[in-house]
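The block underneath contains the structure these notes are about, expressed in structure tokens.
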Amino acid sequence: MKKIIISNFKMNTTPSEMKTYSMALATKTSESKNQIIVCPPFTHLSVAKQFLDGSKICLGAQNVSDAEKGAYTGEISASMLKDLGVEYVIVGHSERRSKFKETDRLVNRKIKTALSCGLKVILCIGEDLATRDAKQAGAFVKKQLDDALKGIYENELEGVIIAYEPIWAIGTGKTAQVKDIQKMVELIRKEIGYLYSEKSGEQINVVYGGSIDIKNYKKIISLPCLNGALIGGASLNVDNFAVIARENY
């Protein structure tokens, strides 16, 4: 089954390293049937575009401003990304929420801005350990979905990928149990069905992220309920990421 395999470099590597990485990845995944999306830092985007051009690999950004232009020093607009050849943008990553205090309301504005400029959105949602231990993970994720998608029309969901990333699993070496992933993905699809329609709930692309690596990727990504994975640190090794990206799921 074709899957969506997304890399998130976070704040790692240099533009020079991106050149080498892009050429290697394009070669190593040329026969892959999966949809591969690479999300390097902003400074790498033009380099990645140049050396991924001609391959089937899509380019994504790690963040976007909710404003289209103006006096927002240090911000990057959706139209800027679009002009660089970016197709996808990660919105609402837990590190943006926790370290930069991004709220669900801001995430919602970013999604609307990105979609209006023709970008596709990778919407990150997920609970922290305290919420999980309090058995409130389901309610927490539902609220994130409800708030993030407020005012988004059903036909716009074609441009949205939902990435379930439990915060307690990101960068910790811990992954959610298969049964817990299945339960949460079912909840996400049901909530989309409630907000929009049963058909949308079934068709929405849902991926999992949280300490996926070369050792554990198969059992997670091959789950029928999932459409793929968002991979962080493990994607920095081009050989390992290429193996994951070209797997026949």
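The values are calculated or read from the model by the stated rules, or taken from the named source; none is laboratory data. As the structure is a computational prediction, the values presented were derived from the model and not from experiment. Here the Cβ is made from the backbone with ideal geometry for all residues, glycine too, and neighbour counts use every protein chain on show.
Is it the case that some residue within segment 44-56 is hydroxyl-bearing (Ser, Thr, Tyr) and closer than 27 Å to Leu145 by Cα? Don't jump to the end; show me each part of the working.
From segment 44-56, those hydroxyl-bearing (Ser, Thr, Tyr) are 46, 55; that's our starting set.
From what is left, the residues that are closer than 27 Å to Leu145 by Cα are none.
No, segment 44-56 contains no residue that is hydroxyl-bearing (Ser, Thr, Tyr) and closer than 27 Å to Leu145 by Cα.
If you take the residues of segment 191-220 that are of a type in the set (A, V, I, L, M) and outside any helix (DSSP H, G or I), which of them is surrounded by the fewest Cβ atoms within 10 Å (Cβ to Cβ)?
Taking segment 191-220 as the starting set, the residues that turn out to be of a type in the set (A, V, I, L, M) are 192, 195, 204, 206-207, 212, 214, 220.
Now restrict to residues that are outside any helix (DSSP H, G or I): 204, 206-207, 212, 214.
Details: Ile204: 19, Val206: 22, Val207: 26, Ile212: 23, Ile214: 14.
Step by step, filter segment 191-220, then rank; the result is Ile214.
Testing Ser211 on (1) modelled with pLDDT under 95; (2) out of contact with any helix residue (DSSP H, G or I) (no Cβ under 6 Å at 6 or more places or on another chain); (3) among the polar types (S, T, N, Q), one condition comes back false. Which one is that?
All conditions pass for Ser211, except number (2).
Quick one: is Ile167 out of contact with any Pro (no Cβ under 8 Å at 6 or more places or on another chain), under 26 Å from Met11 (Cβ atoms) and touching a residue at least 12 places away in the same chain (Cβ under 8 Å)?
Numbers: out of contact with any Pro (no Cβ under 8 Å at 6 or more places or on another chain): yes; under 26 Å from Met11 (Cβ atoms): yes; touching a residue at least 12 places away in the same chain (Cβ under 8 Å): yes.
Yes, satisfied.
Given the conditions (1) farther than 20 Å from Leu236 by Cβ; (2) assigned to a helix (DSSP H, G or I); (3) touching a residue at least 12 places away in the same chain (Cβ under 8 Å); (4) more than 17 Å from the chain's Cα centre (by Cα), and given that Leu223 satisfies all but one, which numbered condition is not satisfied?
Of the numbered conditions (1) farther than 20 Å from Leu236 by Cβ; (2) assigned to a helix (DSSP H, G or I); (3) touching a residue at least 12 places away in the same chain (Cβ under 8 Å); (4) more than 17 Å from the chain's Cα centre (by Cα), the odd one out for Leu223 is (2).
Mind listing whichever residues of segment 26-82 are farther than 19 Å from Lys112 by Cα and of a type in the set (Lys, Arg)? Reasoning before the result, please.
Going residue by residue through segment 26-82, those that are farther than 19 Å from Lys112 by Cα are 26-59, 71, 73-74.
Lys28, Lys33, Lys49, Lys56, listed by residue number.
Quick check on my filter: what residues within segment 190-199 are under 12 Å from Leu157 (Cα atoms) and touching a residue at least 12 places away in the same chain (Cβ under 8 Å)? Please lay out each step first, then the result.
Keep residues of segment 190-199 that are under 12 Å from Leu157 (Cα atoms), which gives 192-193, 195-197, 199.
If the condition is that a residue be under 12 Å from Leu157 (Cα atoms) and touching a residue at least 12 places away in the same chain (Cβ under 8 Å), then Ile192, Leu195, Tyr196, Ser197 are the ones that fit.
I need the full set of residues from segment 146-194 which are at pLDDT below 95 and in contact with an Asp or Glu (Cβ under 7 Å, 6 or more places away or on another chain), in order please.
If the condition is that a residue be at pLDDT below 95 and in contact with an Asp or Glu (Cβ under 7 Å, 6 or more places away or on another chain), then Pro166, Ile167, Trp168 are the ones that fit.
What strands (runs of 3 or more DSSP E), lying completely within segment 44-163, carry at least 2 residues that are among the β-branched types (Val, Ile, Thr) and either under 18 Å from the mean Cα position of the chain (by Cα) or surrounded by fewer than 16 Cβ atoms within 10 Å (Cβ to Cβ) (or both)?
88-91, 120-125
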